[in-house]
Amino acid sequence: MSRGGSLEIWRKYFGPDARIVGIDIDPACAERVDPENVVIIGDQSDPAVLASAIERLGGGVDLVIDDGSHLGRHQIPTFEYLYPRISERGLYACEDLHCSYWPTHEGGLRREGTFAEHVKALIDRLQGWYLNGEAQTGAMAFAETTYGIFVYLDLVVIEKRPTSRPFHVQMGS
């Protein structure tokens, strides 16, 4: 959130009626933002902190923008906790994907534990309809609720939308 700055930008973009909750590890952040924005102090990967944010929103979340620590060890548990809890047609965005490639942010090309690598695994889960056995069982909850994964320079957007079994016939062997 960087000292609450992005909250101010989102408030201007979404307007005065938007319910916006930010999470920051720095207690001073709560003192620097406008009173219309709520800031919860804590670790973004802590389920109790995330649950508190959802509660402050009244239980409904339509959009998550992860602009937090940029470390995979925070981004991945944040995604795994929040994504199932966002609305049926919600969006999950994770900014600054380039940090997954920087050693200063525990990253590197094809380095396990980065959000970039996690997104690559989400692509497999999105194709759950075509998997077999245990792989399919683990992927179906994601496949049945996810319309698409969109990767841009420095940004991943995952669109949640109910899906139904695709109509595809495999020809040949």
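Cα axis of helix 133-143 to longest principal axis of the chain: angle in degrees, 0 to 90, nearest 10?
50 degrees
Hey, what did the range 109-171 get for relative contact order, percent, Cα under 8 Å, at least 6 apart?
Relative contact order, the range 109-171: 22 percent.
Which cross-chain or sequence-distant (5 or more) residues have an amide H under 5 Å from the amide H of Leu63, H modelled 1.01 Å from N in plane?
For Leu63, the qualifying residues are Leu91.
Out of all DSSP beta bridges in the chain, what portion is antiparallel? Express it as a percent rounded to 5. Before the final figure, lay out each step's value.
Numbers: 11 of 19 bridges.
Of the beta bridges lying entirely in the chain, close to 60 percent run antiparallel.
Return the Cα extents of the range 55-173 along principal axes one, two and three, sorted largest first, each rounded to a whole Å.
Result for the range 55-173: principal-axis Cα extents of 48, 39, 25 Å.
Using only alpha carbons, build the gyration tensor for the range 87-153 and give me the equivalent ellipsoid semi-axes, biggest first, whole Å.
25, 16, 8
Tell me what the chain gives for mean residue ellipticity at 222 nm when only DSSP H runs of n ≥ 4 count, each as -39,500 (n - 2.57), the sum divided by the residue total, rounded to 500 deg cm²/dmol. Before the final figure, lay out the partial values.
Details: 6 runs with 58 residues, N = 173.
Per the formula, -9500 deg cm²/dmol.
Residue by residue through the range 50-58, what is 3J(HN,Hα) from phi via Karplus (6.51 cos²θ - 1.76 cosθ + 1.60, θ = phi - 60°)? Round to whole Hz and write x for glycine and proline.
5, 4, 5, 5, 4, 4, 5, 8, x
I want to verify the translational diffusion coefficient of the range 1-77 in µm²/s; compute it with Stokes-Einstein, Rh as the Kirkwood radius over Cα pairs, at 4 °C and 1.567 mPa s. Before the final figure, lay out the partial values.
Numbers: Rh = 12.7 Å.
Answer, rounded: 102 µm²/s.
Can you work out the FRET efficiency for the pair Trp129 and Ala30, with r the C-beta to C-beta distance and R0 = 35 Å, to the nearest 0.05?
Working from the Cβ atoms, E equals 0.20.
With just the Cα atoms of the range 41-93, tell me how far they stretch along each of the three principal axes, in Å, largest first.
26, 20, 15
Which residue, Cys94, Ala135, Ile123, has the largest displacement toward the positive end of the dipole of the range 43-160 when charges sit on each Cβ (Lys, Arg +1; Asp, Glu -1)?
Value computed over the given set: Ala135.
When the dipole is taken about the Cα centre of the chain, and only Lys, Arg (+1) and Asp, Glu (-1) are charged at their Cβ, what size is it in debye, to the nearest 20?
Once rounded to the nearest 20, the dipole reads 480 debye.
Each value in this text was obtained by applying a stated rule to the coordinates, not by laboratory testing. If you're wondering where the values come from, they're calculated on a predicted model, not measured in any experiment. All Cβ positions, glycine included, derive from the backbone under ideal geometry; neighbour counts span all protein chains shown.
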